[in-house]
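Q: Handing you this structure, nothing more for now.
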Amino acid sequence: MTTLTYHRILPNLKEGSKYFDKANTVSVEIFEKQLSFLSKHYNILSIKDFLFYLNNSRKLEPRSILLTFDDGSVDCYNYAFPILKKYNLPAIVFLATGYIGTDKVFWWDKIKTWLRQTDRKEITLRLNGKSRKICLKTETDRIKAYGLFDEYMKQPKTNPDTFLNELKFILGVDNYKLERSAMNWEEVKEMQNFGISFGAHTVNHVNLARLDYENALLEIKESKEIIEDKLGERVKIFAYPYGGENDFLPIHVKIMRDLGFEAAFSSIEESIEIKNPFKLGRIHISGYKNLFIFKVKLTNFYPKLIRCVNLTKQLIAK
Ligand SMILES: [Zn+2]
């Protein structure tokens, strides 16, 4: 079985490039093609089916798929939800609850919006202790700059608030108003009424590995409790923000077991052969123009291919 991860669904690829984040964006048109294909050829599971399978070690139908969406972005409600309804498909949305129902803006939305709005053509700032000159003349330059900042923000030693304040100042974008990033609770409830399930994704979308025990516990516990309180349903699943090998630790798995979670998803690209229900792999989907790569990503072969590529990269790096 395979779990797919989506982040943003936006009206067209042009809009996607406007957000400087093609890797995390699927256009509405392509998303619809992907779901149309899946609804004909695959068995899309609800979280209830999946947990039943997990807890009873039942055999799943071949070609079983879970659809997941991370963060609770408002475009998930605006653009993904109508298509899920059209094909009558279940899905899971992992909510960073501190953003839901607020005007708060995810850091990646901040950086993308600032890069879109700044009139600076070149900036200089310190990254990893080195002074870097960054060109912002063309859209391609800005997309490249976004990639650099995105990578920097995800490093464990980065202080996100300090860096964002510095970047905002250097880009001269102090007064711009940003649009809300996340859905509100009415939108979440409307999706719940249709059959979409919700999982926890921390309160503040933090990298758990950077936190001490007490704060990690709070992030996990509070995000679970608020969803349960708002939706009147037990939350049994979690997705680790960022979700790479180094972004969560065994202690977080223990916290989740103690709090009554039944499964947690990483962003490590693996099919689900369930060895550890708290380290389930997912396949990242972005907006390929044709369905070929999408179809390859649905095969059992794909995670093996990724493993080979990563091993080869490590060998070359040595
Ligand atoms: Zn996330």
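Q: Classify the stretch 167-261 from the C-alpha gyration tensor, please: rounded if a/c falls under 1.5, else prolate or oblate depending on whether a/b exceeds b/c.
A: The shape class here is oblate.
Q: Please list, by residue number, everything in the stretch 55-93 whose backbone N is under 19 Å from a paramagnetic label point 7 Å out along Cα→Cβ of residue 304.
A: Hits in the stretch 55-93 for residue 304 at 19 Å: 62-64.
Q: For the stretch 107-171, state the average projected area of the convex hull of the C-alpha atoms over all orientations, rounded to one decimal in nm². If you can, show how the numbers build up before the last one.
A: Details: hull surface 15.4 nm².
Orientation-averaged projected area of the Cα hull: 3.8 nm².
Q: Near the amide H of residue 27, under 5 Å away, which other amide H atoms are found, from residues 5 or more places off or on another chain, if H is placed in the peptide plane?
A: 10
Q: Let me ask you something else. Could you give the nm distance between label points at residue 218 and residue 127, where each point is 7 Å from its Cα heading toward the beta carbon?
A: 3.2
Q: For the pair residue 116 and residue 180, what calculated FRET efficiency results from E = 1/(1 + (r/R0)^6), where r is the Cβ-Cβ distance and R0 = 25 Å, to the nearest 0.05?
A: Values: r = 16 Å, r/R0 = 0.66.
Approximately 0.95, to the nearest 0.05.
Q: Based on other C-beta atoms within 10 Å, arrange 142, 126, 257 from fewest to most.
A: So the residues, fewest neighbours to most, are 126, 257, 142.
Q: Still on this structure: From the helices alone, meaning DSSP H stretches of at least four residues, give me the mean residue ellipticity at 222 nm for the chain, per-run term -39500 (n - 2.57), in deg cm²/dmol to the nearest 500.
A: -13500 deg cm²/dmol
Q: Here's another thing I want to ask about it. Give me, ordered by chain and number, the residues 5 or more places off residue 3 or on other chains with an amide H under 5 Å from its own placed amide H.
A: Placed amide hydrogens put 66, 272, 283 under 5 Å from residue 3.
Q: Name the most mobile residue of 71, 229, 247, meaning the one with the largest mean-square fluctuation, in a Gaussian network model of the chain with Cα contacts below 10 Å.
A: 229
Q: What length, rounded to one decimal in nm, is gained on full extension from residue 295 through to residue 161, with 0.36 nm per residue of separation minus their alpha-carbon distance?
A: Numbers: separation 134, 0.36 × 134 = 48.24 nm, distance 3.92 nm.
In short, 44.3 nm is gained.
Q: With unit charges on the beta carbons (Lys and Arg positive, Asp and Glu negative) and the dipole taken about the Cα centre of the chain, which residue among 303, 159, 9 sits farthest to the positive side?
A: After comparing all options, I get 303.
Q: Test of understanding: ordering 125, 315 by Cβ neighbours within 10 Å, fewest first, what list do you get?
A: 315, 125
Q: Mind ordering 36-44, 84-92 by average Cβ neighbours within 10 Å, highest first?
A: Values: 36-44: 14.9, 84-92: 16.9.
Ranked from most to least packed, the peptides come out as 84-92, 36-44.
Q: Could you give the length gained on full extension between residue 63 and residue 139, defined as 0.36 nm per residue of separation minus the Cα-Cα distance, in nm?
A: 23.4 nm
Q: Which ³J(HN,Hα) values, rounded to whole Hz and listed in residue order, are derived for the stretch 31-36 from phi using the Karplus coefficients 6.51, -1.76 and 1.60 in 6.51 cos²θ - 1.76 cosθ + 1.60 with θ = phi - 60°, glycine and proline given as x?
A: Per-residue couplings from phi come out as 4, 5, 4, 4, 5, 4 Hz.
Q: A further question follows. HN-Hα J couplings of the stretch 179-193 from phi, Karplus 6.51/-1.76/1.60, θ = phi - 60°, integer Hz, Gly and Pro as x?
A: 7, 4, 8, 10, 5, 9, 5, 5, 5, 4, 5, 4, 5, 4, 4
Every read-out reported here was derived from the displayed coordinates using simple, explicitly stated rules and does not represent laboratory data. Because the structure is a prediction, the values reported are computed rather than measured. All Cβ positions, glycine included, derive from the backbone under ideal geometry; neighbour counts span all protein chains shown.
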